[in-house]
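This report refers to the structure that appears directly beneath it.
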Amino acid sequence: MDKTRQIFNDLKYGLYPRASDHEDSAEVGWLLYSTKHQDSNWLANLISTLVQEKVGVKWRPIHTNERFRKPSSEPLTESIFAMHIEAASNRAVLIRQKLAKWYSTTSRVFPDGSKLCLVPPFSQSRFSPIRPNMPPWWQDRQLFLLALAAHHATSLQRI
């Protein structure tokens, strides 16, 4: 593994492990109202316990369109980030259905006491017969929440 890591470093490639321990993993969705300060390992254990499946959680940018598949001149810092849930690709749809009980927009029961909403990935929500388009206000709400959290963190540092 160290030789492989060195070869990739020489070629200026990075090794970014998947959040879940599956050979073929897929994104289940991202959590609206999530923040960088939430513990991803604890959240992964909570969600794994809820759905009785091994899942991983990772802080990543939200992919809202096809531009993430092509090289872009837009810097990554302008992207909006959220916690993303990953699982085995053959179980991703089933896990998404199980999580709807706790993380849907109409849910009133929250396992950890915080309101989070599971948003399907752009590729699934765009072609799904259930959700033809992802509402643009989801991305706006996440951006507002992250700005509010960043402002709160800087005001705490001044104290």
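Per-residue Cβ neighbour counts within 10 Å put H37, H63, H84 in the sequence H37, H63, H84, beginning with the fewest. Spin-label model, Q6 to L46: label points 7 Å out along the Cα-to-beta-carbon direction sit 4.3 nm apart.
Extension gain for the segment S114 to A149, taken as residue separation times 0.36 nm less the Cα-Cα distance, is 11.1 nm to one decimal. What the Cβ-Cβ distance of V93 and H37 gives, at R0 = 22 Å and to the nearest 0.05, is a FRET efficiency of 0.15. The ranking of E53, E86, E23 from fewest to most other beta carbons within 10 Å of each one's beta carbon is E23, E53, E86. For D39, neighbours were defined as the other residues whose beta-carbon sits under 13 Å from its Cβ, and their charges (Lys and Arg +1, Asp and Glu -1) total +1.
When Y103, Y33 are sorted by how many other C-beta atoms sit within 10 angstrom of their C-beta, beginning with the fewest, the order is Y33, Y103.
Any read-out appearing in this document is the output of simple, stated calculations on the displayed coordinates, not a laboratory observation. Predicted, not measured: the structure shown is a model, and the values here were computed from it. Backbone-built Cβ (ideal geometry, glycine too); neighbour counts: all protein chains shown.
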